[in-house]
Structures are given as structure tokens and as C-alpha cells.
Amino acid sequence: MSTTLTQTIKATPTTAFSRHATLSNEGEDKQGDTEPYRYSHLLPHFSQDHHPALVPFRHIDPGQRALAHSNPRSFLDSAISITQLTPGLGTEVHGVNLAALDSDGRDQVALEVARRGLVVFRGQEEFIDSGPDFYRAWGRHFGRLHIHPTSGHPKGYPEIHLVYRDSNSTFNYEIDDSITTTFWHSDVSYELQPPGLTTFFLLAQPTSGGDTLFTSQVSTLKKLSPQFVTFLRTLKAVHSGLEQADFSRSGRRGGIVRREPVENIHPVVRRHPVTGEEALYVNRQFTRRIVGLKREESENILKFLFDHIDKSADLQARVKWQPNTVVLWDNRVTAHSAIVDYKESKERRHGARITPQAERPIPAGEGLDLGD
């Protein structure tokens, strides 16, 4: 494994494991608030359950069904406003109630997210307050729900991935020995069938900060020269979950590894199964080496691509969180990074992610053999 690409990742100090049990099992609010925390039933829980390795499944993308609709954007008919965040990435929508959408409407959402990469829905109190059974039913419409191997989840709902930080604790996978908290990634890209459409929302947020950055991996690819893209289409890379598991095994983030970590090989350039668009598919957090190249060759190509993703501010969108906001993105064609700029405020940031898996990444290059 490349020593150049491996980063030391270290959590900010947390309390002992008994603290984790207090948060998750008793659901108490330790922020010093005078009123009980409204979402205490969704605080992080770290069960001792262990799960077998994931098995392949056939994914049918709901966005494909929407292509047959007479108006694939009719779910937006009730919208009060629709605003493009940037020309190439992201749309903000007011006036559409996600919780009220029928099956056809959800299919159309999947297609819109695939086309725009990122869609921000404001005013989604009904969705957020519908609870974890609703979250699971929503997510299952878009694919098999992923159970994260190391993160916290609401008790009894392992399919709901939680991010959590308050004045005393963090249960996130965070960098603490870097000059930046920006850490671009596509969620759990080390899985054989990584996520497609992802839903994320905050239950509590700081008064300022805690934004999320997104970048279009379709656009980052288009910025490269045609000759270089042709070469990249011939490459495949290893994505690894080993470091994330080791982080938890060291006692941080709850200290739990529910499923043995895996490494899988994916194309460096993948093709979206619905839109046909090609997207760069490497990320600094999980992509470790390019198969078949010498170490120095792999390190230099990946460093160039990671730096390209990091520095392409003209291809990025920034989501500023407001109460009752639900954000959907397509992990196949975007990358993202949390911004941990609110530590000094000691305020709570509590988010929930619904993460359906999609197909095994489809190579953009004809005949690229990914192996079995």
C-alpha cells in the first residue's frame, strides 16, 4: 500500500465507552439544555452485533423507470421555487413535500438527482419527523440499504447511519492532525456495490458552520484532456475499508466493527447506468492504489487526481444547512466533504443518512476487466 497516500486519522478526545452507552441506551441529553432533546431516540447506539459479508444483488435503478414517464419532472409541479446552485451541480427546491411522494414521484426524484448530482429540499419537517421506520421504507425504494460497519445508528435501526458531535463527544470519522477538515470522499466506495442515491438530513445543527461541500465528478473528468481521459478509462483502482475499521478497533467512534473490512477494485472512470454520463471515481479517503502500475506511477496519478478534486472550486457547491432540510445526492457522480468549523461553539451537530446500495461500478472503458 502506498505510504504517500495513507493519512493518519485521529479523533478528537472522547469520553469512555460508558459515555457511548449513556448516549445511545438512555437517550439522555448531556448538552446542559433545560429541555429534553427532541431527537434523543435517534442518538448513536453501538450494538455488539456482527454481520456476515455482503453478497452481490441485482440493482434496478428507479431513475430508469422515470425515463418512461410522460413527464419525468412532474414531482416538481408543486414547487414554489427551483434554483440551480451552480450550472453543473446542485438544485435547491422549495415547496415539494418528499414525504408525500408516491412511487412514481420517488422514481422521478432519483432521475433528477442523477442528472443534477445533488438536490436540496427545504421545508421537510414531515419527512424528518416521520421517524426511522419511514426512513427505512424511503431508502428501500432506491436500493438495498447499507449497514455501515463502524458507525453509530439509532437503537434497533442499523440501516440508519448517524453522524454526531456535541460539546463532549464525537462519534465521527474525523481528521484531527491536519490543517484542514476538508476530506473529499464518496461514501463507502470500498464496497463491491457502493451507494447510489443517498438521503441525508440534520436533526440538530450549530447556529453557524457545519456546512457540506459537494463536487461534480462528471465535471472534474471533463476538465481533463481527452488523451488523459482515454488513458484513465483503462485504469482500475483499489478502494479500501481497512483504515476505517482500524480507526474503530482502536477504541474510537464507538469501538465497533460489525463486519470485516473489505477492499474492492473499481474503474477509475465509471459510467452512470441511467444518464450514461462518465464520472471520475477516485477519492482521497478510500482509494489506495491503481492496479497494475508501479508504486510511484500510481501515487503520482492519484495525487494529481486528488489535488484536482480538492482545488476545483469552480466545480463545487456548498450546502448551508437550515432546519428541516433534506439533501439527496448521487454517490456515483459526486464527492463530498463535511466542514468541521464549529468545534469552538460546542454545539451539537446530529445527522442521519439513508444509504441504498446501487450497481457495481460500470467501467466507462470498453472491455476493462475488474476481476471477480
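Somewhere in the stretch 303-315, is a residue in contact (Cβ under 8 Å) with a residue 12 or more places away in the chain, surrounded by fewer than 18 Cβ atoms within 10 Å (Cβ to Cβ) and closer than 26 Å to VAL93 by Cα? Within the stretch 303-315, one or more residues are in contact (Cβ under 8 Å) with a residue 12 or more places away in the chain, surrounded by fewer than 18 Cβ atoms within 10 Å (Cβ to Cβ) and closer than 26 Å to VAL93 by Cα. In the set (1) surrounded by 21 or more Cβ atoms within 10 Å (Cβ to Cβ); (2) outside any strand (DSSP E or B), ARG284 fails one condition alone, (1). Between HIS308, HIS336, the distinction of being assigned to a strand (DSSP E or B), of a type outside the set (Phe, Trp, Tyr) and either over 13 Å from the mean Cα position of the chain (by Cα) or at pLDDT 95 or above (or both) belongs to HIS336 only. Given the criteria buried (at least 19 other Cβ atoms within 10 Å of the Cβ) and within 21 Å of ALA317 (Cβ to Cβ), does LEU76 qualify? Taking the combined requirement at face value, the residue does not satisfy it. Scanning the stretch 86-103 for residues being in contact with a Ser or Thr (Cβ under 9 Å, 6 or more places away or on another chain) and surrounded by 17 or more Cβ atoms within 10 Å (Cβ to Cβ) gives a total of 9.
Here is a yes/no grid of residues against (1) farther than 23 Å from PRO356 by Cα; (2) loosely packed, with under 13 Cβ neighbours inside 10 Å; (3) at pLDDT 95 or above; (4) in contact with a Gly (Cβ under 6 Å, 6 or more places away or on another chain):
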| residue | (1), (2), (3), (4) |
| --- | --- |
| THR3 | yes, yes, no, no |
| THR34 | yes, yes, no, no |
| SER47 | no, no, no, no |
| ALA53 | no, yes, yes, no |
| GLN84 | yes, yes, yes, no |
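Looking across LEU43, LEU111, LEU54, LEU89, one residue alone is over 25 Å from SER189 (Cβ atoms), in contact (Cβ under 8 Å) with a residue 60 or more places away in the chain and within 20 Å of the chain's Cα centre (by Cα). It is LEU43.
Identification of helices (runs of 4 or more DSSP H) wholly contained in the stretch 215-279 with 1 or more residues that are over 30 Å from ASP107 (Cβ atoms) yields 226-232, 242-249.
Evaluating ARG360 against the criteria (1) of a type outside the set (Asp, Glu); (2) surrounded by fewer than 16 Cβ atoms within 10 Å (Cβ to Cβ); (3) outside any helix (DSSP H, G or I) leaves one unmet condition, (2). A count restricted to the stretch 232-268 and to residues that are at pLDDT 85 or above, surrounded by fewer than 21 Cβ atoms within 10 Å (Cβ to Cβ) and among the aliphatic types (A, V, I, L, M) stands at 6. Residues in the stretch 184-212 that are surrounded by fewer than 22 Cβ atoms within 10 Å (Cβ to Cβ) and aliphatic (A, V, I, L, M) were compared, and the one that is farthest from ARG165 (Cα to Cα) is LEU192.
The values are calculated or read from the model by the stated rules, or taken from the named source; none is laboratory data. Bear in mind that the values here come from a model prediction, so they are computed numbers and not experimental data. Positions of Cβ are backbone-derived with ideal geometry, glycine not excepted, and every protein chain shown enters the neighbour counts.
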